[in-house]
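Bear in mind these aren't lab numbers, they're just calculated from the coordinates by the rules spelled out. Just so we're clear, the structure is a prediction, and the values are computed from it rather than from any experiment. Cβ: placed from backbone, ideal geometry, glycine included. Neighbour counts: every protein chain shown.
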Amino acid sequence: MAVRWTSLVLLAALVVTPLAQIMMRGVFNVPMAGAEELAKYFLICLTFVAASYVSAEGGQIRMEEFQVLLPQRPRWILQMVIETCAAAFFAVLLVASLITVSRNLNSVTPVLEIPFWLFFAPLVLGSFLLLVEALILLAHTWRKRRPEEKHTVLT
């Protein structure tokens, strides 16, 4: 729930920042320095923080229409493979992001001079949350010993 509300706040910030820039420049003729960089930061935050919420809610592309065509046992195996690959990918992403941040601790962004570790903190947090979500899904599928019943409704 906290991830959802954080994502909504980040989305609002992403919308308000360019709007404030337009208002400052168009109405008051005073440009807002660093608005583009700040909007980019909010976009990065929103993308990586909200990704785990999207995954938890089943919003990722899963190709369920094709999975439902498989018999139960092969479908369970396929889901286990998919969830194992997802966990491995997010673990690699987490390690790579930690290495990148640790190697650039003294760097800052060009305009607002945001510390590099803070600028990439959403990547670290997001990949960690995605790894946790992938491991939870993997454990859930493993414990059930049968495939997740999914019914996609197209409207």
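Overview of results
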{"item": "Protection proxy ranking of 127-138, 103-114, 8-19 - average other beta-carbon atoms within 10 Å, highest first", "result": "127-138, 8-19, 103-114"}
{"item": "Normalised alpha carbon radius of gyration of the chain [divisor 2.2 N^0.38 Å]", "result": "1.33"}
{"item": "Helical contribution to [θ] at 222 nm, DSSP H n ≥ 4, -39,500 (n - 2.57), averaged over the chain, rounded to 500", "result": "-24500 deg cm²/dmol"}
{"item": "Dipole magnitude (debye, nearest 20) for the chain, charges at Cβ of Lys, Arg, Asp, Glu", "result": "480"}
{"item": "Angle in degrees between helix 72-103 and the longest Cα principal axis of the chain, rounded to the nearest 10", "result": "30"}
{"item": "Packing-based exposure ordering (other Cβ within 10 Å, fewest first) of 28, 48", "result": "28, 48"}
{"item": "Total charge dipole magnitude, segment 29-100, about the Cα centre, Cβ charges on Lys, Arg, Asp, Glu only, Debye to nearest 20", "result": "240"}
{"item": "Residues residue 88 and residue 109, FRET efficiency given R0 of 30 Å [Cβ-Cβ distance, rounded to 0.05]", "result": "0.45"}
